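Worksheet: one structure, shown below.
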Amino acid sequence: MRGRHADAYSMYKRGTRDYINAYDKEQGSVRSLNGVSKEIGNPSWKRSFLYILVASLASFLYGYHLGVINETLESISNDLHFNGNTMAEGLVVSICLGGGFLGSTFSGLIVDRVGFRRAFQLCALPMIIGSSMSATAKNLWGMLLGRLFVGTGMGLGPTLATLYVTEVSLAYVRGTYGSFTQIATSLGLMSSLLIGFPAKETEGWWRICFWVSAVPAALLALFMEFSPESPHWLFKKGRAADAEAAFEKLLGGPYVKGAMAELSKSERGGEAETVKLSELLFGHHRKVVFIGSTLFALQQLSGINSVFFFSSTVFKSAGVSSQSANICVGIANFLGSFAALLLMDKLGRKVLLIGSFSGMVVAMGLQAASASSLVSSSNEVYLSVGGMLLFVLAFSVGAGPVPSLLLSEMFPGRIRAKAMSVCLASHWVVNFFVGLLFLRLLEQIGPLVLNTIFATFCLVAVIFVKRNVLETKGKSLQEIEITLLPPE
């Protein structure tokens with residue numbers, strides 16, 4: 001078993017270009033996964049575009065539930081009688097993230113067992129149930145239970161969307177398609193903020209905000225019934241004929257043979273080998289798992305979700321209306337995500353990460369400066385608000401969309417789903433504690449110290465990316481596996 005895998009890798013050591021030239025002579029000059037062909041050109045990106053949009057609904061739901069609590073938290077705490085209890089308010093936010101940790105932890109196992117289409121439908125189910133429970137909650141415990149259910153779906157959604165987009169996309173547009181998940185997240189966030197505006201004036205409006213989220217969840221479950229399964233997953237399960245049918249749907253008939261030939265070099269079809277946790281943590285791929293886990297942890301330690309969860313509270317303390325502030329946050333997030341879509345396949349993943357975290361250092365420095373005694377009260381608002389908007393913009397250009405895409409590209413197909421779930425576990429753990437403790441820390445140590453801590457983590461991230469992250473732009477998944485993860 002290991003020997004066959006090593007043989008495939010030794011073939012690549014003679015040079016990917018040599019293999020492709022030999023294959024061109026045999027199969028008519030088709031190299032499908034990279035979309036390069038001397039005779040028939042690139043496969044059309046339009047064939048897979050609609051399926052990318054469907055998968056991005058999971059990211060839209062993630063963004064919506066990430067921001068739905070922002071405008072509605074005050075009304076919820078008043079109606080459910082825990083107003084003024086910062087720990088209870090933090091728990092309403094963070095219990096969802098605890099559910100996200102559970103969903104993310106089991107996402108790899110679920111995908112490997114049932115495939116992407118059924119996993120997306122399983123993701124939608126707890127979101128529908130949890131939203132309904134939150135919308136009808138009569139007390140704090142009912143709200144917490146509903147948020148916990150929603151969180152499990154949130155934990156599944158981003159992992160599934162990232163992996164699915166990676167496995168069904170062409171190499172020359174994979175970065176662009178990967179940015180769609182971040183754009184969907186930002187649109188979900190903006191939608192939750194816009195829908196939540198009447199919550200403070202209209203009694204019970206916060207319940208409508210939760211009911212609304214059940215609609216895109218139901219659409220996700222419905223449309224996935226008509227979407228193709230990942231050819232990588234099908235081939236890994238020994239269903240080569242189904243994988244060919246999926247490739248035909250995604251690429252077109254002329255590219256199927258080339259796609260299957262390249263897929264067969266790195267995937268071991270029909271082998272149901274179990275990937276153990278010890279193999280991921282201590283085996284051959286431990287370094288990439290460490291890089292992924294650290295990158296996701298630093299992403300959250302930057303303080304980004306404290307902005308999304310509590311921007312209304314922070315802006316209110318600065319004398320800025322929450323509605324105006326949240327509109328600006330949503331617009332900044334969308335503009336940055338759109339810039340990432342344009343730049344991902346031009347500048348590359350590593351450049352965007354370094355530039356993004358560097359901009360976040362500057363932005364957090366501005367927010368910290370606004371809280372110091374050196375800044376006059378008239379300039380404090382401009383520095384605080386400007387720093388927060390710059391922070392969101394810088395995050396959404398790189399630190400937001402890149403880590404998930406980069407890691408899903410770098411992991412071999414055999415371990416991709418489970419390795420991603422392990423890495424994302426660090427994301428949810430850190431996210432949970434940031435959501436739980438942010439308001440308490442803001443009260444006890446103040447914005448100057450807290451923002452300085454966040455800026456320090458962003459600086460650490462810049463150094464970490466420079467030393468550890470490798471570029472994957474423009475490579476097929478098979479080339480990345482061979483180039484970046486050679487066997488022992």
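The values are calculated or read from the model by the stated rules, or taken from the named source; none is laboratory data. Here the structure is a predicted model, which is why all the values come from computation and not from measurement. Cβ sites come from the backbone with ideal geometry, for glycine too, and all protein chains shown count toward neighbours. In case anyone asks, the SASA skips ligands and DNA or RNA and just uses the protein heavy atoms, side chains included. Shrake-Rupley method; radii C 1.70, N 1.55, O 1.52, S 1.80 Å.
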Mind giving me the FRET efficiency for F226 and N379? R0 is 35 Å, r the Cβ-Cβ distance, nearest 0.05 is fine. 0.05
For the pair K287 and A218, the simple spin-label estimate (label points 7 Å beyond Cα toward Cβ) gives in nm 5.1 nm
Multiply the residue separation of L102 and K276 by 0.36 nm, subtract the distance between their alpha-carbon atoms, and state the gained length in nm to one decimal. 60.8 nm
With an 8 Å Cα cut-off and a minimum separation of 6 or more residues, compute the relative contact order for segment 144-230 in percent. 23 percent
Where Lys and Arg each count +1 and Asp and Glu each count -1, what net charge lies around A245 among other residues with Cβ under 11 Å from its Cβ? -2
May I ask you to derive the FRET efficiency for W141 and I327 from their Cβ-Cβ distance with R0 = 35 Å, giving the value to the nearest 0.05? 0.60
With labels modelled as points extended 7 Å from the Cα through the Cβ direction, what inter-label distance (nm, one decimal) is found for I208 paired with N78? 1.6 nm
Scaled by the rule-of-thumb 2.2 N^0.38 Å, the alpha carbon Rg for segment 121-278 gives a ratio of 1.32
Over segment 44-227, what percent of the accessible surface lies on carbon and sulfur atoms, probe 1.4 Å? 70 percent
In Å², what does the accessible area per residue of segment 44-227 work out to with a 1.4 Å probe? 34 Å²
Distance cut-off 23 Å, Cα to Cα: go down the list K346/K418; K249/K276; K138/K200 and report the pairs above it. K346/K418; K249/K276
Could you check the spin-label model distance between T456 and R440? Points 7 Å from the Cα along Cα→Cβ, value in nm. 2.0 nm
I need the calculated FRET efficiency for the pair V449 and K46, taking r as the beta carbon distance and R₀ as 56 Å, to the nearest 0.05. 0.65
